[in-house]
1. Can you pull out the residues in region 50-68 that are closer than 14 Å to residue 35 by Cβ, without any contact (Cβ under 8 Å) to a residue 24 or more places away in the chain and either among the small types (Gly, Ala, Ser) or touching a Cys at 6+ places or on another chain (Cβ under 9 Å) (or both)?
2. Please go through (1) surrounded by fewer than 15 Cβ atoms within 10 Å (Cβ to Cβ); (2) among the aromatic types (Phe, Trp, Tyr); (3) part of a helix (DSSP H, G or I) for residue 16 and return the number of the only condition it doesn't satisfy.
3. For region 30-63, how many residues meet the condition of being touching a helix residue (DSSP H, G or I) at 6+ places or on another chain (Cβ under 8 Å), over 25 Å from residue 20 (Cβ atoms) and part of a helix (DSSP H, G or I)?
4. If a residue must be within 11 Å of the chain's Cα centre (by Cα) and of a type in the set (Asp, Glu), how many such residues does region 47-80 contain?
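Only the coordinates and a few stated rules stand behind these numbers; no lab work does. Bear in mind that the values here come from a model prediction, so they are computed numbers and not experimental data. Ideal geometry is used to build each Cβ from the backbone, glycine not excepted, and the neighbour counts take in all protein chains shown.
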Amino acid sequence: MRKQNKVSNGVKKQAWWQPAILMFFRLSVWIAVPIIIALFVGKWLDKKYQSEPWLFLLSIGLAFIVSLSGLIKNTIAEYKKIEEAERTKINKK
């Protein structure tokens, strides 16, 4: 039998593990998607301009920078959420 998430004040409570899983998937997407796109784009550009492996390596490098910036952005947002939650806990006491 599944335990239902309780609704209080119109806000559905999440299980304790759901935010961690959501963050894991968000961060995984920031790593995987730019690299996969760079893989195909880089191979296509190398084939089109006969520049193997330089455009492929350049696209992978750009994908690394995009991934890193996305990870940093998400990490900062998560830290802000944690700090806000701690502030509200302290203010409630």
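1. 59, 61 - these are the residues of region 50-68 that are closer than 14 Å to residue 35 by Cβ, without any contact (Cβ under 8 Å) to a residue 24 or more places away in the chain and either among the small types (Gly, Ala, Ser) or touching a Cys at 6+ places or on another chain (Cβ under 9 Å) (or both).
2. (3)
3. Kept after step one, since they are touching a helix residue (DSSP H, G or I) at 6+ places or on another chain (Cβ under 8 Å), are these residues of region 30-63: 30-31, 34-35, 37-39, 41-43, 45-46, 49, 51-60, 62-63.
Okay, now just the ones that are also over 25 Å from residue 20 (Cβ atoms), so 37-39, 41-43, 45-46, 49, 51-60, 62-63.
Next, from what is left, pick out any that are part of a helix (DSSP H, G or I): 37-39, 41-43, 45-46, 49, 54-60, 62-63.
Final tally of qualifying residues: 18.
4. Result for region 47-80: 1.
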